[in-house]
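Data first, discussion second: the structure below is written as structure tokens.
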Amino acid sequence: MSLAFSRTPVALALLGLASAVSAPVQAAEFKAGDVDLTLAGIVNAYYTTTSCSGDQTITGAALAGKALGCSGKDGTTTIGNGLLPNALTVGAKMKQDGLDIGATIMIGSAVASNSAIGANSAVDVRQGFLTFGNAGMGTVKIGRDYGMFGANAILGDMTLIGAGAPVNATQSNRVTLGHIGAGYSYLGTYGQLAYTAPAMGGVTLSGALVSPVDADATHVSDKSPQVQVQVSLALPAGKAWVSAKTQKFNGTGAAVDFTMSGVEVGTSYSLGAFSVLANLQSGKGLGVLADGDNGDQKQTATLVQATFQATPKVKLGVNYGITRLKDTAGPALKDNSNVTGGMYYGLTKSVTLVGETSQTKSKAANGASAKMTGLALGAILFF
């Protein structure tokens, strides 16, 4: 086996990410026979503080409430991951019998825990899939990977390499939320059989049969798979997209069946040093954080963002997201919103220093409201 080593730029897509606010990854590349192997990774940590105030009677996934935002306290301090975990990704690609063949395995871990002696051994395997195809037939993907619905929103979110809403309940032993639950639902990681058709001009069509998931203990998956589709259009200085997904949930006991269904439209565009992004999700049963977690409620989620490349090393940005639930009553959650302002400094081509300040609000149908203010300072390394 010959082993050649090189350091060449590769797309952040190798890690299932986006390069919206960071420099290209430098990945190690190896040659083993007819197989090209790549090794890349992410390491990040942020000093985050939160402060929670307001009405604490809101029920549901109230991100700004003390229970989630500050883990039951008035405020918290954590040194942990931002929206991304620490991760190691191994990739392989080869050409055989006229087909381009590839494989990706990504293993993640968390920085923060609430114990000085407990084992920090939780492993987050988000990707493990193979691909095969060519320019004529398109590409087939089989395995575990991110979903299509919500992907462009979170991958274009400037807080992807920061923290966004530093919700303490999720940051301990995992990650912060960015705008998950306050601008978009999580794109999810699923077992899937996916197909991407050959590009037609600037149009790309993808679809997937996804292993169905449970919403909660009383709403479980049906025998039918979840279905996701996406159409994207390449623009001269950006792109536009339309996505959709659906899955049936069976109610157990007294719980009733419902079908999750949603549509997403969005666009991103750059003009010189300025870039903008807008994304809208609308549907039923999409969940505040993940599929079906709020039952069959109708909802909308909106994210808008503007960034400015102030210098070759400094990017400034602000974004706002809100998730609204319909037909709520009493103390039940009506909406979560978050506004984040950030500065991202490219210390080197691999290291970005991040400073963000944010405010998250949760409101109930009866008018009750809670607020969480947050600060995140730290760094992220792509290699």
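Read-outs: derived from the displayed coordinates by stated rules, not from any lab. None of the values given here were measured: they were computed from a predicted structure. Here the Cβ is made from the backbone with ideal geometry for all residues, glycine too, and neighbour counts use every protein chain on show.
Provide the per-residue ³J(HN,Hα) series for the stretch 199-204, in order, calculated from phi with Karplus coefficients 6.51, -1.76, 1.60 and θ = phi - 60°, each as a whole number of Hz, with x at glycine and proline positions.
With coefficients 6.51, -1.76 and 1.60, one gets 4, 10, x, x, 9, 10 Hz.
For the stretch 98-220, what class follows from the C-alpha gyration tensor (a ≥ b ≥ c being the square roots of its eigenvalues): rounded when a/c is under 1.5, otherwise prolate if a/b is larger than b/c, else oblate? Numbers along the way, then the final one.
On the way: a/c = 2.03, a/b = 1.78, b/c = 1.14.
Because a/c hits 1.5 or more and a/b exceeds b/c, the stretch 98-220 counts as prolate.
Just tell me which lysines come within less than 22 Å, Cα to Cα, of residue 31; anything on the same chain fewer than 8 places away is out.
Straight-distance partners of residue 31: 93, 95.
Kindly put 344, 195 in sequence by how many other C-beta atoms sit within 10 Å of each C-beta, fewest to most. Before the final figure, lay out each step's value.
Values: 344 24, 195 16.
Lowest count first: 195, 344.
Of the peptides 86-97, 146-157, how do they stack up when ordered by the mean number of other Cβ atoms within 10 Å, highest first? Display every interim value, and only then the final one.
Working: 86-97: 16.0, 146-157: 24.9.
Per-residue Cβ counts within 10 Å, averaged per peptide and sorted highest first, yield 146-157, 86-97.
Would you give the gap between the C-alpha center of the stretch 124-166 and the C-alpha center of the stretch 45-86, rounded to a whole Å?
Cα centroid to Cα centroid, the span is 27 Å.
In nm, give the distance between the simple-model label positions of residue 257 and residue 36, each being 7 Å from the Cα along the Cα-to-Cβ direction.
4.8
Report the one residue of 225, 235, 252 whose Cα lies farthest in the direction of the positive end of the charge dipole of the chain (charges on C-beta: Lys and Arg +1, Asp and Glu -1; origin at the Cα centre).
235
Provide the net charge surrounding residue 102, with neighbours chosen by a C-beta distance below 11 Å and charges set as Lys +1, Arg +1, Asp -1, Glu -1.
On the way: positive: 93, 95, 141; negative: 36, 100.
For residues surrounding residue 102, the net value is +1.
Local charge sum around residue 177 (other residues, Cβ-Cβ under 13 Å, Lys/Arg +1, Asp/Glu -1)?
Working: positive: 174; negative: 157, 356.
Neighbour charge sum, excluding residue 177 itself: -1.
With a ≥ b ≥ c the root eigenvalues of the C-alpha gyration tensor of the stretch 188-240, is it rounded (a/c under 1.5), prolate (a/b larger than b/c) or oblate? Write down the numbers at each step before the final one.
Working: a/c = 4.38, a/b = 2.49, b/c = 1.76.
Prolate, because a/c is 1.5 or more and a/b exceeds b/c.
What does the charge add up to near residue 128, with Lys and Arg as +1, Asp and Glu as -1, over the other residues with Cβ less than 15 Å from its Cβ? Can you show the working numbers first?
Details: positive: 126, 141, 144; negative: 124, 145.
Summing Lys and Arg as +1 and Asp and Glu as -1 gives +1.
Would you kindly state how much longer the chain becomes between residue 124 and residue 220 on full extension, computed as 0.36 nm times their sequence separation minus their alpha carbon distance, in nm to one decimal? Don't jump to the answer; show the numbers that get you there.
Values: separation 96, 0.36 × 96 = 34.56 nm, distance 2.26 nm.
Result: 32.3 nm gained on full extension.
For the charge dipole of the stretch 5-382, defined by +1 on Lys and Arg C-beta atoms and -1 on Asp and Glu C-beta atoms about the Cα centroid, which residue among 331, 113, 369 has the Cα displaced farthest towards the positive pole?
The residue sitting farthest along the positive end of the dipole is 369.
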